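Below is one structure, written out as C-alpha cells; the observations come after it.
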Amino acid sequence: MKTKLMKAVGRMPEDEDVMQEASRIIRSGGLVAIPTETVYGLAGNALDPSSSKKIYAAKGRPSDNPLIVHIADINDMNIIACDIPEKAFTLAEKFWPGPLTMILKKTDAVPFETTGGLDTVAVRMPSDEIAHEFIRLCGPFIAAPSANASGRPSCTTAEHVIEDLDGKIGLVIDGGQVGIGLESTIIDLTGDIPCLLRPGYISKDELEKTIGPIDVDPAVYNKNKKNIPPKAPGMKYRHYAPKGELSIVEGPVENVISYINGECQKASVNGKKCAVLATRETCRSYRCSLVIDLGNRDDEDTVSHNLFSSLRRCDEEGIDVIFSEAFEDSGLGSAIMNRLLKAAGNRVIKLPG
Ligand code: TXA
Ligand code: MG
C-alpha cells in the first residue's frame, strides 16, 4: 500500500482536500494517522471490527490491548458508554476537549475488537483542531491508539509515523510537531473509587481537586510488587523503548553527573556508543558524544514535549547505551517518570546522597 502524506493547518476550508481524502479512506475501512495535542494517533472507525483489526495489524499490537475511542461531541458519549457516573460528566466539563481519557462501561455499539475483549470502553475528546475536524467529518467514533509501531516511543511528528508505518496505512495527516508530547491521562470510573491508570498532562492533583480522592493503579510507578496485572492492559507491555539500553540515574546531581561520565567512558572503551538525556542546567557537565538537552528541569512542559523525539534520536544515531536523569514524581513529572521507567524496563540506578 502507498502511504500518502498530506499537510493540514487545522482550519476549514484550507484542509478540505485532506479531510475529503481522510474521510474516503476511513469510510472504506482504512486507516489514517492524525495529529492530536498529545501524540499522533492511528485512526480507524471504532464501530467497525475489521478497522480495529487493521489497527492492531499495522502497529503489530497484541489484540488484548484495547483502543481509545475518540469523539468530538460530548452527546456522543451516551452511544458508546452506559451507567456513566456523575463524576465523568464533571471531569468532561472541566477537562474536555483535552488530554483526558475516561474508562466507562461500554454499550453494545462498541465491538469487542475495539475494547480488546473488555466490557469497558476508553473515551477521549481531543482538543487539537485537526483531530477535532477529522473526528467530526470521519467519525463520530474514531479508535486511535498512538501511531507508533508497538513497543516504540510514541510519535510526536508525522515523520516519526512514516518511519514506523509507511506502506501499512492509507494516509498521514501532517499537522507538525504535537504540543504536549506524552499520551493522555487515563482514569477508570467504573469502580467505587476512580482510579488513575496512566499519568499524563492532567495531574492527579488536578483530578482530585475536581472529583475528590482517587486511587492509583500500582502498575503506574513500578510499585506493583504482587504482580497484579495492570488495569490498562497496555501498561503491561514493554513500551516507548529505544533500541539502546536505557537506565535512569537517581541521586544528588553531582553524583549523577560523575557516575554517568564514568559509565560513558567505560562504555566507549568497550566500543559502545553512549547518549545522555540531560537538562539545560546539567548538559554542559557531561562528557559524552551525544548529550540531549530535554529542557529546563523546572519546565516540565518542555521536557515532556522533547522526551519521545529524544528517544527516537538515540535510535537514529545508533546509540547502544543511554543514561537519563530522573524527574520529580509529582505533577507532569509523574508522567515523564512513568514513560521513562517503561522505556528503561524499570532499570533505575539509585546513587547514595
Ligand atoms: O493521548 C492518547 O491517549 C493517545 C492519542 C492518540 O489520543 N492515544 C493513546 O492510545 O495513547 P494507546 O492505545 O497508545 O494507549 C491506550 C492505553 C493502553 O494502555 C490501553 O491498554 C488503555 O489505554 N486502555 C484502552 N481501553 C481501556 C479499557 N477499556 N480499560 C483499561 N485500559 C484501557
Ligand atoms: Mg501507545
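Can you tell which of Ile180, Ile169, Ile186, Ile173 is assigned by TED's automatic domain parsing to the domain that holds Ala8, in a strand (DSSP E or B) and within 16 Å of ligand 2 (Cβ to nearest atom)?
Within the list Ile180, Ile169, Ile186, Ile173, the selection yields Ile186.
Just for region 135-174: of the residues that are crowded, with 24+ Cβ neighbours inside 10 Å and among the hydroxyl-bearing types (Ser, Thr, Tyr), which one is farthest from ligand 1 (Cβ to nearest atom)?
Result: Thr156.
Go through Ile187, Ile180 for me and flag whichever is touching a His at 6+ places or on another chain (Cβ under 8 Å) and farther than 25 Å from Asp48 by Cβ. Break it down into steps so the answer makes sense when it comes.
Details: Ile187 fails: touching a His at 6+ places or on another chain (Cβ under 8 Å).
Exactly one residue qualifies, and that residue is Ile180.
Is it fair to say Phe327 is under 24 Å from Glu254 (Cβ atoms), part of a loop (DSSP other than H, G, I, E, B) and aromatic (Phe, Trp, Tyr)?
Against the criterion (under 24 Å from Glu254 (Cβ atoms), part of a loop (DSSP other than H, G, I, E, B) and aromatic (Phe, Trp, Tyr)), Phe327 qualifies.
Would you call Val121 closer than 24 Å to Val32 by Cα, within 10 Å of ligand 1 (Cβ to nearest atom) and in a loop (DSSP other than H, G, I, E, B)?
Taking the combined requirement at face value, the residue does not satisfy it.
Could you tell me which of the residues Val32, Val39, Val18 is at pLDDT 95 or above, more than 14 Å from ligand 1 (Cβ to nearest atom) and aliphatic (A, V, I, L, M)? Reasoning before the result, please.
Values: Val32 fails: more than 14 Å from ligand 1 (Cβ to nearest atom); Val39 fails: more than 14 Å from ligand 1 (Cβ to nearest atom).
Within the list Val32, Val39, Val18, the selection yields Val18.
Of the numbered conditions (1) free of Cβ contacts under 8 Å to residues at least 60 places away in the same chain; (2) in a strand (DSSP E or B); (3) within 16 Å of ligand 2 (Cβ to nearest atom), Ile103 fails exactly one; give the number of that condition.
Result: Ile103 passes all but (1).
Of everything in region 281-296, what is over 29 Å from Val269 (Cβ atoms) and either surrounded by fewer than 16 Cβ atoms within 10 Å (Cβ to Cβ) or at pLDDT below 95 (or both)? Give them in sequence order.
Asn296
Tell me which residues, restricted to region 45-57, are within 12 Å of ligand 1 (Cβ to nearest atom) and of a type in the set (Gly, Ala, Ser). Reasoning before the result, please.
Let us first name the residues in region 45-57 that are within 12 Å of ligand 1 (Cβ to nearest atom), namely 46, 52, 55-56.
Across region 45-57, the qualifying residues are Ala46, Ser52.
Condition test on Gly212, is it modelled with pLDDT of 95 or more and either surrounded by 21 or more Cβ atoms within 10 Å (Cβ to Cβ) or among the hydroxyl-bearing types (Ser, Thr, Tyr) (or both)?
no
Only one of (1) under 22 Å from the mean Cα position of the chain (by Cα); (2) of a type outside the set (A, V, I, L, M, F, W, C); (3) surrounded by fewer than 24 Cβ atoms within 10 Å (Cβ to Cβ); (4) within 21 Å of Leu42 (Cα to Cα) is not met by Thr101, so which one is it?
Going through (1) under 22 Å from the mean Cα position of the chain (by Cα); (2) of a type outside the set (A, V, I, L, M, F, W, C); (3) surrounded by fewer than 24 Cβ atoms within 10 Å (Cβ to Cβ); (4) within 21 Å of Leu42 (Cα to Cα) one by one, Thr101 breaks only (3).
Answer yes or no: is there a residue in region 188-198 that is in contact with a Pro (Cβ under 6 Å, 6 or more places away or on another chain) and modelled with pLDDT under 95.
no
Name the one entry in Ile248, Ile257 that is over 22 Å from the mean Cα position of the chain (by Cα) and more than 16 Å from ligand 2 (Cβ to nearest atom).
Numbers: Ile248 fails: over 22 Å from the mean Cα position of the chain (by Cα).
Selected residue: Ile257, the only one of Ile248, Ile257 that is over 22 Å from the mean Cα position of the chain (by Cα) and more than 16 Å from ligand 2 (Cβ to nearest atom).
Quick one: in region 58-96, of everything that is of a type in the set (Phe, Trp, Tyr) and within 15 Å of ligand 1 (Cβ to nearest atom), which residue is surrounded by the most Cβ atoms within 10 Å (Cβ to Cβ)?
So, considering only residues that are of a type in the set (Phe, Trp, Tyr) and within 15 Å of ligand 1 (Cβ to nearest atom), the one surrounded by the most Cβ atoms within 10 Å (Cβ to Cβ) is Phe95.
Those residues that are within 16 Å of ligand 1 (Cβ to nearest atom) and in a loop (DSSP other than H, G, I, E, B), I need them from region 236-276; list them, please.
Tyr237, Arg238, His239, Tyr240, Ala241
The values are calculated or read from the model by the stated rules, or taken from the named source; none is laboratory data. Every value quoted in this text rests on a predicted model; they were computed, and no experiment measured them. Ideal geometry is used to build each Cβ from the backbone, glycine not excepted, and the neighbour counts take in all protein chains shown.
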